[in-house]
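What follows is a set of notes on a single structure, which appears directly below.
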Amino acid sequence: MSETAKYVPDMIAWRRHLHMYPEASFEEHETVAYLRDVLTKRAPSAKLSNPTPTSLLATFDTGKPGPTIGIRSDIDGLVMQEDRPDLEFASRNENRMHGCGHDGHMAVVLSAMAWVEDNLADLNGQVVGIFQHAEETPPGGAKEMVATGLFNDFDFIFGFHLWSTMPTGLIDIKEGPASANSDLWQMTFTGKGAHASTPEDSISPVIAAANMTSQLMSIAAVRVNGLQPAVVTTTYMEAGSANALNVIPPTAKIGGVVRTHSDDVQAKVRDVMGDLIAGAERANPGMEIELDYLVGYPMVWNDPARTAIVHELAEERFPGKIVTEPAMLGGEDFAEFSRVAPSTYVFVGAGNPDKGFDAGHHNPRFGIDEDSLEIALQLTIDVLKNRERLASG
């Protein structure tokens, strides 16, 4: 029997229960209550605490000198309706879904805490299970947790993401950037409304907003070094009313995201957006354009030395199954932990078309191959076994 086999039945049961009852960011009260109940029964040596109202820490203090190691899971679901009638454990909470795998993350970390409980006599230092709220909603729960100062003295923090677009069995490990700076923006165009038959009497925010959408697409193409990733995407437009097609509205709004892997490129994109706004106002006298720019999650930084160790451990455990893909342009607020402690964040393949799990994240048809849970657990246990080596780098 493998080292992890005895944990699998509970791990799947925990995952399925959590999948049925997802809660949105900052609303994870019942989720935390369930985690607390499981840990109280299965890992009674852990000291449980709530650094914020909807987050949870499970701290094992061995009483012996040694490093402090954190294992992090995010716990929130998404505000969306699940479309998986084939799953008997599909979401029972209206317009809420674990559409990104956080239910699996929680189950794996709960199981890792059970392993710590079972092996506590052989461990030293401290092991902390970090159940973090609000990963899906910027500025995110990690920033709120890190602000408590509780993680400043950690020697190493490990995190992972079950990844439905990568086949089960593969593990993606990369040194340095692992995700993107993830910002949100919205522009409000205030002009002058008029009857649609007399557009000359208007200062049309609709035309200005449409033109701006096209200009924004050019930023990554011609204003940023082509060797530096940058994505500027418009995802939202609002103007006028379908019930008033003969009215040119006085205001229009557009919004979207900016994704970059460099702080310098991030600043450059924001500066260019300001230049484009100034140009649009000059081209449309009387038009005012307001930019609301939210600096979101920074990029996850995988400490190169520690991540090389994790890569070595993973290759020994799963030979030939370790890959290194380019850093994703998605956001991940594990980045906040990686700014205060040496950290590694990896991606564990969880896609399996033969089982019907091939939809991308944040898709109503999203799902994970549960075989990936044991892989993630084994890697986590190997990290815990090598905590002193990882702490020293």
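Can you tell which of Thr234, Thr213, Thr260 is touching a strand residue (DSSP E or B) at 6+ places or on another chain (Cβ under 6 Å) and either in contact (Cβ under 8 Å) with a residue 60 or more places away in the chain or among the hydrophobic types (A, V, I, L, M, F, W, C) (or both)?
Thr260
Restricting the search to region 241-293, which residues are part of a helix (DSSP H, G or I), among the hydrophobic types (A, V, I, L, M, F, W, C) and open to solvent by 70 Å² or more (accessible area, probe 1.4 Å)?
Selection gives Ala283 alone.
Mind listing whichever residues of region 324-383 are in contact with a Pro (Cβ under 9 Å, 6 or more places away or on another chain), hydrophobic (A, V, I, L, M, F, W, C) and modelled with pLDDT of 95 or more?
Result: Ala335, Ala350.
Failed condition for Ser262, given (1) in the same structural domain as Pro249 (by the TED database); (2) modelled with pLDDT of 95 or more, with all others met?
Result: Ser262 passes all but (2).
Exactly one of (1) in contact (Cβ under 8 Å) with a residue 12 or more places away in the chain; (2) surrounded by fewer than 19 Cβ atoms within 10 Å (Cβ to Cβ); (3) not β-branched (Val, Ile, Thr) is unmet by Ala208. Its number?
Going through (1) in contact (Cβ under 8 Å) with a residue 12 or more places away in the chain; (2) surrounded by fewer than 19 Cβ atoms within 10 Å (Cβ to Cβ); (3) not β-branched (Val, Ile, Thr) one by one, Ala208 breaks only (2).
Of everything in region 96-121, what is open to solvent by 10 Å² or more (accessible area, probe 1.4 Å) and under 25 Å from the mean Cα position of the chain (by Cα)? Give them in sequence order.
Once the filter is applied, which keeps residues that are open to solvent by 10 Å² or more (accessible area, probe 1.4 Å) and under 25 Å from the mean Cα position of the chain (by Cα), region 96-121 yields Arg96, Cys100.
Find all pairs meeting these conditions: Cβ atoms under 6 angstrom apart; at least six residues apart or on different chains; first residue within region 31-55 and charged (D, E, K, R); second residue surrounded by 17 or more Cβ atoms within 10 Å (Cβ to Cβ) and part of a helix (DSSP H, G or I).
As it stands, the answer is Arg42/Ala114, since those pairs meet every condition given.
Hey, any hits in region 73-80 for a residue that's under 24 Å from Ala58 (Cβ atoms), at pLDDT 95 or above, touching a Pro at 6+ places or on another chain (Cβ under 6 Å) and crowded, with 23+ Cβ neighbours inside 10 Å?
Within region 73-80, one or more residues are under 24 Å from Ala58 (Cβ atoms), at pLDDT 95 or above, touching a Pro at 6+ places or on another chain (Cβ under 6 Å) and crowded, with 23+ Cβ neighbours inside 10 Å.
What is the number of the single condition among (1) free of Cβ contacts under 8 Å to residues at least 60 places away in the same chain; (2) buried (at least 19 other Cβ atoms within 10 Å of the Cβ); (3) under 15 Å from Ala280 (Cα atoms); (4) aliphatic (A, V, I, L, M) that Val224 does not meet?
(3)
If you check Asn119, Asn95, Asn124, which single one turns out to be at pLDDT 95 or above and on the phi > 0 side of the Ramachandran plot?
After applying the criteria, what remains is Asn95.
Only one of Ala13, Ala5, Ala33, Ala24 is surrounded by fewer than 20 Cβ atoms within 10 Å (Cβ to Cβ) and within 20 Å of the chain's Cα centre (by Cα). Can you tell me which?
When all the criteria are applied, what remains is Ala24.
Yes or no: Ser182 touching a Gly at 6+ places or on another chain (Cβ under 9 Å) and at pLDDT 95 or above?
no
State yes or no: is Thr344 within 30 Å of Thr233 (Cα to Cα), among the hydroxyl-bearing types (Ser, Thr, Tyr) and under 20 Å from the mean Cα position of the chain (by Cα)?
Considered against the rule, which asks whether it is within 30 Å of Thr233 (Cα to Cα), among the hydroxyl-bearing types (Ser, Thr, Tyr) and under 20 Å from the mean Cα position of the chain (by Cα), Thr344 comes out as yes.
Quick one: which strands (runs of 3 or more DSSP E) lie wholly within region 110-211 and hold at least 2 residues that are within 24 Å of Leu294 (Cβ to Cβ)?
Those strands (runs of 3 or more DSSP E) span 156-167, 181-190.
I'd like the full set of residues that are closer than 18 Å to Asp303 by Cα and not polar (S, T, N, Q), limited to region 316-330.
Matches in region 316-330: Ile322, Val323, Glu325, Pro326, Ala327, Met328.
Taking region 227-240 as the search range and keeping residues that are open to solvent by 70 Å² or more (accessible area, probe 1.4 Å) and in a loop (DSSP other than H, G, I, E, B), which one is modelled with the highest pLDDT?
Residue satisfying both the conditions and the ranking: Gln228.
Out of all the residues in region 324-351, which are in contact with a Phe, Trp or Tyr (Cβ under 9 Å, 6 or more places away or on another chain) and among the hydrophobic types (A, V, I, L, M, F, W, C)?
Selection gives Met328, Phe334, Ala335, Phe337, Val340, Ala341, Val346, Phe347, Val348, Ala350.
Scan region 334-371 residue by residue and report those that are charged (D, E, K, R) and in a loop (DSSP other than H, G, I, E, B).
Answer for region 334-371, where residues must be charged (D, E, K, R) and in a loop (DSSP other than H, G, I, E, B): Arg339, Asp358, Arg365, Asp369, Glu370.
State all residues of region 347-388 that are within 20 Å of Thr68 (Cα to Cα) and touching a Lys or Arg at 6+ places or on another chain (Cβ under 8 Å); if no residue qualifies, say none.
Residues satisfying the conditions are Gln378, Leu379, Asp382.
Would you check if there is a residue in region 159-171 being touching a strand residue (DSSP E or B) at 6+ places or on another chain (Cβ under 9 Å) and on the phi > 0 side of the Ramachandran plot?
Yes, some residue in region 159-171 is touching a strand residue (DSSP E or B) at 6+ places or on another chain (Cβ under 9 Å) and on the phi > 0 side of the Ramachandran plot.
The values are calculated or read from the model by the stated rules, or taken from the named source; none is laboratory data. Just so we're clear, the structure is a prediction, and the values are computed from it rather than from any experiment. When we count neighbours, we look across all protein chains shown, and the Cβ atoms used for this are built from the backbone with ideal geometry, even at glycine. When the accessible area is computed, the model is the full protein with side chains, heavy atoms only, and any ligands, DNA or RNA have been set aside. Shrake-Rupley method; radii C 1.70, N 1.55, O 1.52, S 1.80 Å.
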